[in-house]
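Engineer: Can you keep this structure in mind? I'll have questions shortly.
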Ligand SMILES: Cc1cc2nc3c(=O)[nH]c(=O)nc-3n(C[C@H](O)[C@H](O)[C@H](O)COP(=O)(O)OP(=O)(O)OC[C@H]3O[C@@H](n4cnc5c(N)ncnc54)[C@H](O)[C@@H]3O)c2cc1C
């Protein structure tokens, strides 16, 4: 089967090319400027243009899909990827399934697995869908020895949407997916200064600091790449320490792969205590210094 | 003055959902419904546009028998009129987008607001599909929204940078959780909401989907769940365990 693969991101592109190398013959379409020629795609098409956005990219991809006889479209799951998949599904009248962790083709039917009920369950579906978005972080990208053919495609059509400003964000500094130990802060820290004690605990444990969505996205106390959960990173450390995190399904979906979970929360009915191996009911500002003290002994 | 449409969804209360220990399947019986999280942000934003720039908000939900509850909550939050499209059976973006677009295509509107993904199924397909069916721009993932000169301007989050985007109206805007803090309507508003216009229309679905559910179950949780209410004892035990893990 011939697959059209798209992502605007280099890491997601190389992950998808690694993941589906043995299942499909793939061409990669990307707006990324990084070198993606050695991940097993037959062709790499670089999309260029002045005002690239989801609408004109989707229209170009639809045209390439029709012209090049692809059987399936695989897109990296990001806000942009999901939007493109929804537009493509309308332009081409093809069914789409988003945020999948698995794609298994068999006799014209494709089986997929994805999170459901906010991450509480995993759902397996079979369909004749042709468009899929794939979650990030499912594999480590592995290069191959051969090289793809490089092509350029320019998109001349303007987007209906105008970018009037761009606000740069601080660059990524951690890779939580690789961390052995993670100490995560939730809304329960109450104030940004509360991160100091979280960091101290992470230091004695030689771990990294992570956070729940409110801490990263609402209050910006931590940067976005430290967000653990359904819409953040899916982590699998040896030890995950959740401090002041209630344990809503969307958070659990991101840390379920942890080998051991420790929870500190002042509410003994917090759902996190159902998802932990060890828990302490108490004020994190009282508990954590004691824990640090005990670890130093 | 803007004609604002907000589309929202009612979901099962996933935070109260329990799992059957023998089958690992979620127990759906007697589980209450609630207004979906991002739908609340969408409603809040629609009402704020009306409050700031003037206009009228029409709320649309495609739902089941309980949808009136969700609609009343939306009306109490400030939505002016409600339309319930009845006949929802399953999570299927093909069907939902078709039902919504068919309804909206016969209406007057400047801006449509939706959540960018829903808290239960997390598909994120409906807004783009509706926008494309209506041939209007999709302006996605707003954490800030302003209207000016009959245009909409949003700040869109991205991993490396945030983008400030502008589009002509009509447009469909999706919102993220961080855009606002949805209001909790006071009792008096919830009572008054009952007097606002609310239409119920039965929907016949004629969209084909090839999707079949094979299974839907929770990953096994084998956590020990040893919880200490005595802090000192907990610290002693847990530090011992941790020392075994940390070199
Ligand atoms: C579509 C969607 C996607 C989402 N994706 C994610 C995601 O990727 N990641 C994520 O985390 N969330 C996600 N969420 C949000 C999620 O539903 C919860 O709102 C969020 O996880 C709650 O974060 P929290 O536990 O830090 O805060 P809260 O739920 O407010 O919990 C704070 C906890 O701190 C405790 N506490 C307070 N003070 C103290 C103290 N002094 N000492 C000890 N404990 C204290 C409280 O008892 C409480 O349990 C998503 C939601 C939606 C709708």
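Engineer: In the range B:179-189, is there at least one residue being assigned to a strand (DSSP E or B) and touching a residue at least 12 places away in the same chain (Cβ under 8 Å)? Write out each step before concluding.
Structural biologist: Restricting attention to the range B:179-189, the residues satisfying the condition of being assigned to a strand (DSSP E or B) are none.
Within the range B:179-189, not a single residue is assigned to a strand (DSSP E or B) and touching a residue at least 12 places away in the same chain (Cβ under 8 Å).
Engineer: Looking only at residues that are within 16 Å of the chain's Cα centre (by Cα) and within 8 Å of the ligand (Cβ to nearest atom) in the range A:234-271, which one is nearest to the other protein chains (Cβ to nearest Cβ)?
Structural biologist: A:250
Engineer: Sort out which residues of the range A:272-290 are part of a helix (DSSP H, G or I) and either near the ligand (Cβ under 8 Å from one of its atoms) or at the interface with chain B (Cβ under 7 Å from one of its Cβ atoms) (or both), and write them in order of number. Reasoning before the result, please.
Structural biologist: From the range A:272-290, those part of a helix (DSSP H, G or I) are A:272-274, A:284-290; that's our starting set.
Result: A:272, A:273, A:274, A:284, A:285, A:286, A:287, A:290.
Engineer: Residue A:223 passes all but one of (1) within 8 Å of the ligand (Cβ to nearest atom); (2) within 13 Å of chain B (Cβ to nearest Cβ); (3) under 16 Å from the mean Cα position of the chain (by Cα); which number fails?
Structural biologist: The one condition residue A:223 does not meet is (1).
Engineer: To continue, here is another question. Of the residues that sit in the range A:67-99 and are at positive phi and out of contact with any strand residue (DSSP E or B) (no Cβ under 6 Å at 6 or more places or on another chain), which one is farthest from the other protein chains (Cβ to nearest Cβ)? Step through it out loud before you land on a result.
Structural biologist: So the first thing to find is which residues in the range A:67-99 are at positive phi, and the list is A:69, A:93, A:99.
So of that shortlist, the ones also out of contact with any strand residue (DSSP E or B) (no Cβ under 6 Å at 6 or more places or on another chain) come out as A:69, A:93.
Details: A:69: 21, A:93: 10 Å.
By that ranking, first place goes to A:69.
Engineer: Quick one: which strands (runs of 3 or more DSSP E) sit completely within the range B:1-82 and have at least 2 residues that are modelled with pLDDT of 95 or more and surrounded by fewer than 16 Cβ atoms within 10 Å (Cβ to Cβ)? Give the derivation first.
Structural biologist: Working: elements: B:2-8, B:10-12, B:33-35, B:55-63.
Answer list for the range B:1-82: none.
Engineer: Considering every residue within the range B:94-117, establish whether at least one is assigned to a loop (DSSP other than H, G, I, E, B) and at the interface with another protein chain (Cβ under 8 Å from one of its Cβ atoms).
Structural biologist: Just the residues of the range B:94-117 that are assigned to a loop (DSSP other than H, G, I, E, B), to begin with: B:106-110, B:116-117.
Now drop any that are not at the interface with another protein chain (Cβ under 8 Å from one of its Cβ atoms), which leaves B:116-117.
Yes, some residue in the range B:94-117 is assigned to a loop (DSSP other than H, G, I, E, B) and at the interface with another protein chain (Cβ under 8 Å from one of its Cβ atoms).
Engineer: For residue A:230, are the conditions met, namely being outside any helix (DSSP H, G or I), more than 9 Å from chain B (Cβ to nearest Cβ) and either in contact with a strand residue (DSSP E or B) (Cβ under 8 Å, 6 or more places away or on another chain) or crowded, with 19+ Cβ neighbours inside 10 Å (or both)? Walk me through how you get there before you give the answer.
Structural biologist: Numbers: outside any helix (DSSP H, G or I): yes; more than 9 Å from chain B (Cβ to nearest Cβ): no; either in contact with a strand residue (DSSP E or B) (Cβ under 8 Å, 6 or more places away or on another chain) or crowded, with 19+ Cβ neighbours inside 10 Å (or both): yes.
Considered against the rule, which asks whether it is outside any helix (DSSP H, G or I), more than 9 Å from chain B (Cβ to nearest Cβ) and either in contact with a strand residue (DSSP E or B) (Cβ under 8 Å, 6 or more places away or on another chain) or crowded, with 19+ Cβ neighbours inside 10 Å (or both), residue A:230 comes out as no.
Engineer: Would you pick out the residues in the range A:30-45 that are in a strand (DSSP E or B) and more than 19 Å from the chain's Cα centre (by Cα)? It would help to see each step written out before you state the result.
Structural biologist: The first filter runs over the range A:30-45 and keeps only residues in a strand (DSSP E or B), leaving A:30, A:43-45.
Selection gives A:43, A:44, A:45.
Engineer: Quick one: which residue in B:100, B:125 is within 16 Å of the ligand (Cβ to nearest atom) and surrounded by 24 or more Cβ atoms within 10 Å (Cβ to Cβ)?
Structural biologist: Numbers: B:100 fails: within 16 Å of the ligand (Cβ to nearest atom).
Step by step, each of B:100, B:125 is checked, and only B:125 is within 16 Å of the ligand (Cβ to nearest atom) and surrounded by 24 or more Cβ atoms within 10 Å (Cβ to Cβ).
The values are calculated or read from the model by the stated rules, or taken from the named source; none is laboratory data. As the structure is a prediction and not an experimental result, all values here were calculated from the model. No Cβ is skipped: glycine too gets one built from the backbone with ideal geometry, and neighbour counts run over all protein chains shown.
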